1. Would you pull out the residues with amide H under 5 Å of F194's amide H, same chain only if 5 or more places away, H placed 1.01 Å from N?
2. Provide Rg and Dmax in Å for the range 62-170, with only Cα atoms included in the calculation.
3. What FRET efficiency comes out for the pair V174/R59, r = Cβ-Cβ distance, R0 = 30 Å, nearest 0.05?
4. Want the number for F126 to R97: 0.36 nm per residue separation, take away the alpha-carbon distance, what's left?
5. Can you figure out the FRET efficiency of F44 with V155, using R₀ = 35 Å and their beta-carbon distance, to the nearest 0.05?
6. In terms of modelled amide H atoms, which long-range or inter-chain residues lie less than 5 Å from the amide H of Y175?
7. Just need the relative contact order of the range 74-190 here, percent rounded to a whole number, with Cα pairs under 8 Å and 6+ apart.
8. What residues have an amide H closer than 5 Å to that of G56, excluding those fewer than 5 places away on the same chain, when H is modeled at 1.01 Å from N in the peptide plane?
Amino acid sequence: MNKEPMEFENEEEETHNVNPLSALQSIQGFLTKEEELVFMQILFSSSATIRMGNFGLSRKEVEKLLGITNDEEAFASFMKRVNQGVSRYFKVIYDERRNQVVALMRVPAKQARNVLNKESLAILMFIFYHQEVLQNEYTLFSQLIHSFGHESLQVTRKIQANLDPLKKIGAIEVYDTNSNEEAYQLTAIGVHMFSDSYLRRYAEFSQSNQLHMEDVLRFFKRYNMNGGVSDDSVET
């Protein structure tokens, strides 16, 4: 299984992503040598295989590597330029709530089936909705049982088996509730795995109706840092 953090997109978008490393050849036109090394550190630390539950770097770590301190403009400039350089295949995000800078690899939805089966993807979307839309801090295992089937040994084992890939790619982590029941929380990777266009297709399929992007993002509460609707090439 591919252990790189990813962002799922529509089949119509970026279906030519066959050699992600080729994007790195042009990054020197956007970043200084020092900034290029910082991006490589972010990319390396975002690997689920390497970090095992501690994905990406904190903003403080990134600023230290860049040689800046509490410089909002310099940090924003670095994030903007690195994404300009690798946007065809990667997206670097800063999750302020979790204080994590993480690199995601863009993966067309069709290829995503090779990474997550439909059961794991359904569980991830449920947790995403439960926490990002309904604003719950964590999701209990019993809530997954209640939503995906009656409690039985077979169902319990099946859900646990489909949670494992989500843990391995860094989309969710076990959350300590100080109780005997296991709970899960989205990571910065899990929160940003679904592109806006993917969410649009998902919502339209469930509603059997075409929707304006503003309605979809409002439903999923997915707005950019400036409070506006992010640009989506599917809309053009």
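Laboratory data are not the source of any read-out in this text; all were calculated from the coordinates shown. Just so you know, these numbers come straight off a predicted model, no measurement behind them. Glycine also receives a Cβ, built like all others from the backbone with ideal geometry; neighbour counts cover every protein chain displayed.
1. For F194, the qualifying residues are F8.
2. 18.1, 55
3. 0.80
4. So the extension gain works out to 8.4 nm.
5. Numbers: r = 38 Å, r/R0 = 1.09.
The pair F44/V155 has a calculated efficiency of 0.40.
6. Long-range HN contacts for Y175: A183, Y184, Q185.
7. Reported relative contact order: 23 percent.
8. So G56 has HN proximity to S46, S47.
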